[in-house]
1. Provide the net charge surrounding Ser32, with neighbours chosen by a C-beta distance below 15 Å and charges set as Lys +1, Arg +1, Asp -1, Glu -1.
2. Calculate the spin-label point distance for Ala109 paired with Ala161, positioning each point 7 Å from the Cα along the beta-carbon direction, and give it in nanometres.
3. Does region 37-76 come out rounded, prolate or oblate, given a ≥ b ≥ c as the square roots of the eigenvalues of its C-alpha gyration tensor, rounded meaning a/c under 1.5 and, failing that, prolate meaning a/b above b/c?
4. For Arg41, what charge total do you get from the other residues with a beta carbon under 14 Å from its beta carbon, if Lys and Arg give +1 and Asp and Glu give -1?
5. Accessible area per residue of region 1-58 at 1.4 Å probe, in Å²?
6. So what J values fall out for region 9-21 if you push phi through Karplus, 6.51 cos²θ - 1.76 cosθ + 1.60 with θ = phi - 60°, rounded to Hz, Gly and Pro as x?
7. For the chain, what does the relative contact order come out to in percent, with C-alpha contacts under 8 Å and a separation of six or more?
8. What list of ³J(HN,Hα) values in whole Hz, one per residue of region 105-111 in order, does the Karplus curve 6.51 cos²θ - 1.76 cosθ + 1.60 (θ = phi - 60°) give from phi, with Gly and Pro shown as x?
Amino acid sequence: MALADRIVVVGDGRIVQSGSTQAVYSRPRNLSVAKMLGVPRLNRFAAKVVSCAGDTVRLKLRGGAFVSAMVRPDELSEGERVTLGIWPAHLRCGTSGDLRTTVSAVTSANGQKMLELKSRAGAGSAIVGGNQQVELGEEIWVQLPPENCLVFDDSGASMTAPVGPEGSA
């Protein structure tokens, strides 16, 4: 992805999605496409739809945390089980947020730190600036910005609101 302007994702011998690298990365058509992209991998959390209002859905993660996401209107209903995805670079780490986590590993590279995190919602990763002080075992909060959250239904299809025609097959 770092070398291409456009990519084509193939699954089972057919084109699943094509577009600019940013469009496909930002809005993968389904969970299978998302799993093929990015290093580190997409954070995935089991969630349940609590409420829907227009293009916004409120989700409850395992462990009780609540987050919001932007979805296609009228695609999901209350009580539906979904997968919430968010790229590690989109998590915002600090002293407040949506999800309390514990740092289980810290790796430094290229002026950034890669954090492995554990929470009641599940394990995940975050990328922070190299100057951010983070200690192994430290409890930190992560914010999941609604505009960066990806929502997939139980079949793996994306329910996330599209950003334009470029990320389609």
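1. Details: positive: Arg14, Arg27, Arg29, Lys35, Arg41, Arg44; negative: Asp12, Asp153, Asp154.
Net of charged neighbours comes to +3.
2. 3.5 nm
3. Taking the square roots of the gyration eigenvalues as a ≥ b ≥ c, region 37-76 is oblate.
4. Spelling it out: positives minus negatives among the neighbours equals +1.
5. Numbers: 3300 Å² over 58 residues.
Averaged over the residues of region 1-58, the accessible area is 57 Å².
6. 9, 10, x, 6, x, 9, 6, 9, 7, 9, x, 5, 4
7. Working: 398 pairs, mean separation 44.6, N = 169.
26 percent.
8. 6, 9, 10, 9, 6, 6, x
The values are calculated or read from the model by the stated rules, or taken from the named source; none is laboratory data. Keep in mind that what you see is a predicted model, and the values were worked out from it rather than measured. We place every Cβ from the backbone using ideal geometry, glycine too, and count neighbours over all the protein chains shown. Ligands, DNA and RNA are stripped out before the accessible areas are found, and what is left, the full protein with its side chains, is counted by its heavy atoms. Shrake-Rupley method; radii C 1.70, N 1.55, O 1.52, S 1.80 Å.
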